[in-house]
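**Q** I have a structure I would like to understand better, so I am pasting it below and will then ask my questions one at a time.
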Amino acid sequence: MDYVSTRGDAPVLGFEAVTLAGLADDGGLYVPREWPVLSRETIAGLAGLSYVDTAVAVMTPFVGDALDEDALRGLCAEAYGRFDHAAVTPLVQLDHRQWLLELFHGPTLAFKDVALQLLGLLFERFLSSARDTHLTVIGATSGDTGSAAIDALAGRAKIDVFMLHPKGRVSDVQRRQMTTVLAPNIHNIAVEGSFDDAQTIVKALFADQETRGRLNLSAVNSINWARLMAQVVYYFYAAVRLGVPERAVAFSVPTGNFGDVFAGYVAAKMGLPVAKLIVATNVNDIVARALSSGDYSSGPVVATATPSMDIQVSSNFERLLFDLGGRDGLATAALMRGFETTKAMTIPEDIRTQAAALFSGKRVDADAMGLAMRWACEKAGRVIDPHSGVALAAARASDLPGDVPIVTLATAHPAKFGDTVERATGVRPALPVRLAGLFDRQERYATLPATLETVRGFVLARGR
Ligand SMILES: *Cc1c(COP(=O)(O)O)cnc(C)c1O
């Protein structure tokens, strides 16, 4: 499988190179040259498979000849063997049509583990054969990517990780999951700014000639294609359990950087019968607005109880613009350059109309989120986290026909956001055993102003 950049001006790469590279040289994001399609029979045949076998079937066309099937199966078995539920991503029924897909049974209790546990193993495997052997991972996190990446990469010999988080804007559990990992290859940076400031700095480092010249950079944010690929799997896994391909299923996805829901779009492109992808946002609703009115303009970030969705620039939206805009890289590049200068863009109407056929945006405020969390607790006996609460609120407000099952992606364990959960439901979720002792461990991190110069200086002084 070949991968092309959304901005049309970077080398075409294979799966191994795309995994190690992250962002494309021209500032774009890599996407497969075409979408592989699974036949109806193949999809029907996924029905009884284990998570690992489903993963192999769904990912093989994207991996191409970079790994043989046994190697891919081995990596998946190792990655998903670290989850503490035998189904890996269990599907839970809430009422006659509402379902919850629990994606938080991995080591750091958020859905990011599904992709990053595999990505860590892919990095290690590809580095062991590559000549250019050291990798410097630079990432920005609104909380969950950082802890998942650090867990997946701590102690790996050929990798350094520089992880930027917005100071004071991640939960205590999230911060401690990152800063209590004291492995020498892990460098945590608290940036005095928002997540978008941190992400802007990371993008600028990737574009910076001096940094690129000295370090072999890679990304673990959802700009990395391999992450999205790993997330496509659970859409299939859930849908076939609800009767696909004999019927269509809808998904409600708590959205920030548009990575998770873009994986749902990929699943639909591969032939999965998806009735709707509900793009649930909090009051930072740039994507919901873009889908409903074409207005993709970013304002200041508002801090909410769902920090992993406090984003005003959704990187992966570029992949959708490229794909729906006829895959014209130069046109996508022009749109994105316009957005980068003015912080606003109007989605071309033909793209918006196509998007509206599959996606519907829904903005959910704090009250609606709390109500959904309380409903899940009182009516369905499930304590859910606030991000999942945003998506469940959107799912319950949907006007889809009554016979379409709606799967809400439950992206974090409630204990990661215990205060908000307790406020909404009166129940204080216990930290799972694997996090016992988190609050007794020593922390280590640097605090830096949100400027490119200081962060670059820090990275160059420590990078290898
Ligand atoms: C990252 C994250 C999201 C948002 O996912 P995107 O792929 O950025 O849209 C939602 N919920 C939780 C708990 C997350 O960690």
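The values are calculated or read from the model by the stated rules, or taken from the named source; none is laboratory data. Note that this is a predicted model, so its numbers are computed, not measured. Cβ atoms come from the backbone with ideal geometry, glycine included; neighbour counts cover every protein chain shown. Note: accessible area is taken over every heavy atom of the protein model, side chains too, but ligands, DNA and RNA are not part of it. Shrake-Rupley method; radii C 1.70, N 1.55, O 1.52, S 1.80 Å.
**Q** With a Förster radius of 30 Å, plug the Cβ-Cβ distance of R441 and A87 into 1/(1 + (r/R0)^6) and report the FRET value to the nearest 0.05.
**A** Efficiency at R0 = 30 Å is approximately 0.50.
**Q** Another question about this same structure. Of the listed pairs K203/K343; K112/K158; K269/K362; K203/K416, which have alpha-carbon separations greater than 20 Å here?
**A** As for pairs spanning more than 20 Å Cα to Cα, those are K112/K158; K269/K362; K203/K416.
**Q** Here is a follow-up. For the charge dipole of segment 25-76, defined by +1 on Lys and Arg C-beta atoms and -1 on Asp and Glu C-beta atoms about the Cα centroid, which residue among G74, V37, S50 has the Cα displaced farthest towards the positive pole?
**A** S50
**Q** If you average the C-alpha positions of segment 148-200 and of segment 84-106 separately, how far apart do those two centres end up, in angstrom?
**A** 28 Å
**Q** Can you give me the Kirkwood hydrodynamic radius for the chain, using every pair of distinct Cα atoms, in Å to one decimal?
**A** 21.9 Å
**Q** Kirkwood Rh, segment 6-107, all Cα pairs: how many Å?
**A** Here the Kirkwood hydrodynamic radius works out to 16.2 Å.
**Q** What value, in deg cm²/dmol to 500, does the helix sum -39500 (n - 2.57) over DSSP H runs of n ≥ 4 give at 222 nm once divided by the residues of the chain?
**A** -13500 deg cm²/dmol
**Q** Using unit Cβ charges (K, R positive; D, E negative) and no other charged atoms, how large, in debye to the nearest 20, is the dipole of the chain about its Cα centre?
**A** 640 debye
**Q** Sticking with this structure for a sec: Quick one: accessible surface of Y80, probe radius 1.4 Å, all protein chains present, in square angstrom to the nearest 10.
**A** 10 Å²
**Q** Taking the radius of gyration and the Kirkwood hydrodynamic radius from Cα positions alone, what is the Rg/Rh ratio for segment 103-150, to two decimal places?
**A** Reported Rg/Rh (Cα atoms, Kirkwood Rh): 1.04.
**Q** Rounded to whole Å, give me the distance from the Cα center of segment 9-81 to that of segment 401-464.
**A** 27 Å
**Q** Which shape class, rounded, prolate or oblate, goes with segment 231-359 when its Cα gyration tensor gives a ≥ b ≥ c as root eigenvalues, a/c under 1.5 marks rounded, and past that a/b bigger than b/c marks prolate?
**A** Oblate, since a/c reaches 1.5 and b/c is not below a/b.
**Q** Taking the Cα of R464, stepping 7 Å toward and past its beta carbon, and measuring to each backbone N in segment 124-155: which are under 18 Å?
**A** Within reach of a label on R464: 124-139, 150-155.
**Q** I've got another one for you. Computed over the Cα atoms of segment 313-464, what is the convex hull's projected area averaged over all directions, in nm²? Can you show the working numbers first?
**A** Working: hull surface 59.5 nm².
That works out to 14.9 nm², a quarter of the Cα hull's surface.
**Q** Hey, another quick one. At a 1.4 Å probe radius, carbon and sulfur cover how many percent of the accessible area of segment 255-376?
**A** Roughly 57 percent, rounded to a whole number.
**Q** Further question: Hey, any idea what the orientation-averaged projected area of the convex hull of segment 80-120's Cα atoms comes to, in nm²?
**A** Over all viewing directions, segment 80-120 projects a mean Cα-hull area of 3.0 nm².
**Q** Give the aspartates and glutamates whose C-alpha is closer than 13 Å to that of K379, dropping any in the same chain fewer than 8 places away, or say none.
**A** Within the straight-line cut-off, K379 pairs with D95.
**Q** Out of residues 5 or more away from V4 or on other chains, whose amide H comes under 5 Å of its own, with H placed 1.01 Å from N in the peptide plane?
**A** Long-range HN contacts for V4: V31, R33.
**Q** Take every Cα pair under 8 Å in the chain that's 6+ residues apart, average their separations, divide by the length, and report that relative contact order as a whole percent.
**A** Across the chain, relative contact order equals 20 percent.
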